[in-house]
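Here's the structure we're looking at; comments come further down.
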Amino acid sequence: MKRSRFSEEQKVRILQELRAGKSRKEICAEHNVSPQTISLWKSKYGDMDVNEARKLKALEEENARMKRIIADQAMQIDILKEVNSKKW
């Protein structure tokens, strides 16, 4: 997965500039991002502040870790079922 140039904190701060009254065109030129990118960030982060963005990132990382654990356990269960179903 491609790593973003901007951290979550930077994205939230850019969106705060937009809410503060700066025009989208100025923000795009200043930070070298497209208007579509700002729209995507706005849909994801909305009216979050920096602390909320950090919490969101931590929760997403924990969720990904839990999904990996569950996938490993499911694979182990399938292997054990396959071994137990064979006649010796």
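The values are calculated or read from the model by the stated rules, or taken from the named source; none is laboratory data. On a predicted model such as this, the values are computed, not experimentally measured, just so you know. For neighbour counting, all protein chains shown are included, and Cβ atoms are generated from backbone atoms with ideal geometry for every residue, glycine included. With ligands, DNA and RNA removed, areas are computed over all heavy atoms of the protein, side chains included. Shrake-Rupley method; radii C 1.70, N 1.55, O 1.52, S 1.80 Å.
Observations, loosely collected:
- Given (1) on the phi > 0 side of the Ramachandran plot; (2) touching a helix residue (DSSP H, G or I) at 6+ places or on another chain (Cβ under 7 Å), number of the condition G21 does not satisfy: (2)
- I14, sole failed condition from (1) among the aliphatic types (A, V, I, L, M); (2) loosely packed, with under 13 Cβ neighbours inside 10 Å; (3) at pLDDT below 95: (2)
- Whichever residue in the range 17-55 is open to solvent by 40 Å² or more (accessible area, probe 1.4 Å) and of a type in the set (G, A, S) and, among such residues, is nearest to the chain's Cα centre (by Cα): S43
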